[in-house]
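Trainee: Pasting in a structure now, in structure tokens, and then I'll have a few things to ask.
The values are calculated or read from the model by the stated rules, or taken from the named source; none is laboratory data. Every value quoted in this text rests on a predicted model; they were computed, and no experiment measured them. Using ideal geometry, Cβ is built from the backbone for each residue, glycine included, and neighbour counts are taken over all protein chains shown.
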Amino acid sequence: MGDCILILDGAATNRITMKVRLASACHEVVTARTLDDALTALRRITPQMILVGGAAGDMSVVLCCARLAAETLGEVPIIAITDPQDRVRALRAGAAAALDRPVDEPVLLARIRSLLRDSPAFLPSAGPAIAGSPQVPGMAESAASFAGPRRITAAPEIAGARVTVVGEPGAGAMAWRRAIRNHADLAVRFCDRDRALAEAAQGEAADLYLISGGRGGAGAGLQLMSELRSRPASRQASFVVLLPADRPELTAMALDLGANDVLPDALADAAMEEEAALRLATQLRRKLAADRCRLDAARDQQWAWSDPLTDLPNRRHFLARMAEIGASTAPGLGPVIVAMDIDRFKRVNDRYGHGAGDAVLRAVAGRMRAVLPPGAFLARTGGEEFVAVLPDADAAEGCALAERLREAVGCHPVAVPEDTDGGLLRVTLSAGIAVDDAGLCSTAAGVELLLARADKAMMHAKLLGRDRAVRHGATAAA
């Protein structure tokens, strides 16, 4: 069970009320009366979120947040519902958000939606967000665990992050800069609405935008956030919107429109400054963690879909690409498949070793890639087997491509590593050409059939003496 919300609250009425509220919004809910109950539940499930709605027995909301954050390694976002004076302590203890009691239901539900929207990308930070944060090894809460103002350590994942305050210059903007720099050690720059949009259009974006509506009011700030969300460069940024503290309906609207957090448009005191800095640092960690997720996903896809030796697409990628080509090719016009096999490659491996064989494969791939025409696609589908695809082409163009690739490979000997005693090896290709003139590539079975035809023609080229290209259906070399 990983799509539920865990509610921890010592009061049965609160647990039941909150469960009904969330269940009415189609959330699956698990409840816990005590911290021990919640920790036991976490050994069975990994919830999408934890909601600490009140004290659990003799455990304060702050201590519950700290224990739960330690148990989940910070991977599960926690919402703390607490008294105003405890908001900062709850955030220090690991809560992703802290809401005042009594909680505003629309704001709570909007906050839950906002966190769930981003939860797949939320990862634990590399270390404590705040210098001196409690590790909570036991049940007791020390007197100094959460006492006194703290300075957020610029952990490696947020050091150097780009923070842009968008709004009108003035005393309010300077107060935000002071708050961020005093509590979070982050460099802050200012710009107006037009400049922020112009930079995003040019591919330059901040990691976090702190947006004030200024004289245009809350609507102008929300509109600017939507505009920046629509730009490719700034789409993945974190957005924190400044809104009047007495307008909770605007807070819910901003969160549902894509804001990652909402802060009051005025910093009333030092405690509010520290809370704002904590919340901004949390959003930066979430954003940069999401960036890492995207990079890891792209890397994993590259590894899964490419051949590590030649860096060409592999057979899996080839078949997926053929499905795309088949869906977009005009009826009766291609694609053309050229199946190629390095002649007598087994002799290279047997005589000079696999180091020489790898050198030959890399050289062959590089030479073919260098002469590949625009729009063509090259993949390594097996040991010494390659396939080139020319979309929207006819038999003549396919035969010309096969000859170009064959000549590029055989025009010069291939140098192999000195320790293989191979020296310079002459390498040739045999190729088979098959043309899809009947819409075969519209189905996976048709792609396999077309590839089989190209393979059959390539085997015919080998029977004719190798180092040549043969078209499927022809009786002689192409």
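Trainee: Residue 363: in contact with a strand residue (DSSP E or B) (Cβ under 6 Å, 6 or more places away or on another chain) and hydrophobic (A, V, I, L, M, F, W, C), yes or no?
Mentor: Numbers: in contact with a strand residue (DSSP E or B) (Cβ under 6 Å, 6 or more places away or on another chain): yes; hydrophobic (A, V, I, L, M, F, W, C): yes.
Against the criterion (in contact with a strand residue (DSSP E or B) (Cβ under 6 Å, 6 or more places away or on another chain) and hydrophobic (A, V, I, L, M, F, W, C)), residue 363 qualifies.
Trainee: Sticking with this one: Given the criterion surrounded by fewer than 23 Cβ atoms within 10 Å (Cβ to Cβ) and more than 43 Å from the chain's Cα centre (by Cα), identify the matching residue among 406, 466, 471.
Mentor: Values: 406 fails: more than 43 Å from the chain's Cα centre (by Cα); 471 fails: surrounded by fewer than 23 Cβ atoms within 10 Å (Cβ to Cβ).
After ruling out the rest, the residue left standing is 466.
Trainee: Give segment 343-358 a look and list any residue that's among the hydrophobic types (A, V, I, L, M, F, W, C) and crowded, with 20+ Cβ neighbours inside 10 Å, or say none.
Mentor: So the first thing to find is which residues in segment 343-358 are among the hydrophobic types (A, V, I, L, M, F, W, C), and the list is 345, 348, 356.
Answer for segment 343-358, where residues must be among the hydrophobic types (A, V, I, L, M, F, W, C) and crowded, with 20+ Cβ neighbours inside 10 Å: 348, 356.
Trainee: Modelled with pLDDT of 90 or more and in a helix (DSSP H, G or I): does that describe residue 302?
Mentor: Numbers: modelled with pLDDT of 90 or more: no; in a helix (DSSP H, G or I): yes.
Taking the combined requirement at face value, the residue does not satisfy it.
Trainee: For segment 324-333, name all the residues that are exposed (fewer than 14 other Cβ atoms within 10 Å of the Cβ) and either assigned to a helix (DSSP H, G or I) or in the same structural domain as residue 260 (by TED's automatic domain parsing) (or both). Walk me through it before giving the result.
Mentor: Of segment 324-333, the ones exposed (fewer than 14 other Cβ atoms within 10 Å of the Cβ) are 324, 327-328, 330-332.
Matches in segment 324-333: 324, 327, 328.
Trainee: Of the residues in segment 280-319, how many are within 25 Å of residue 375 (Cα to Cα), surrounded by fewer than 12 Cβ atoms within 10 Å (Cβ to Cβ) and of a type in the set (A, V, I, L, M)?
Mentor: Residues flagged as within 25 Å of residue 375 (Cα to Cα), surrounded by fewer than 12 Cβ atoms within 10 Å (Cβ to Cβ) and of a type in the set (A, V, I, L, M) within segment 280-319 amount to 2.
Trainee: Of the conditions (1) farther than 15 Å from residue 339 by Cα; (2) surrounded by 15 or more Cβ atoms within 10 Å (Cβ to Cβ); (3) without any contact (Cβ under 8 Å) to a residue 24 or more places away in the chain, residue 449 clears all except one; give me its number.
Mentor: All conditions pass for residue 449, except number (1).
Trainee: Residues that are at pLDDT below 90 and surrounded by fewer than 16 Cβ atoms within 10 Å (Cβ to Cβ): list the helices (runs of 4 or more DSSP H) wholly contained in segment 179-275 that include at least 2 such residues. Write out each step before concluding.
Mentor: Working: elements: 193-201, 217-229, 248-257.
Because the criterion is at least 2 residues that are at pLDDT below 90 and surrounded by fewer than 16 Cβ atoms within 10 Å (Cβ to Cβ), the helices (runs of 4 or more DSSP H) in segment 179-275 that meet it are 217-229.
Trainee: Right, another one. Of all residues in segment 241-280, which are among the β-branched types (Val, Ile, Thr) and in contact (Cβ under 8 Å) with a residue 60 or more places away in the chain?
Mentor: 251, the sole residue that qualifies.
Trainee: Within segment 27-38, can one find any residue that is buried (at least 24 other Cβ atoms within 10 Å of the Cβ) and touching a Leu at 6+ places or on another chain (Cβ under 7 Å)?
Mentor: Just the residues of segment 27-38 that are buried (at least 24 other Cβ atoms within 10 Å of the Cβ), to begin with: 38.
Filter once more, keeping what is touching a Leu at 6+ places or on another chain (Cβ under 7 Å): 38.
Within segment 27-38 (the criterion being buried (at least 24 other Cβ atoms within 10 Å of the Cβ) and touching a Leu at 6+ places or on another chain (Cβ under 7 Å)), the answer is yes, since at least one residue qualifies.
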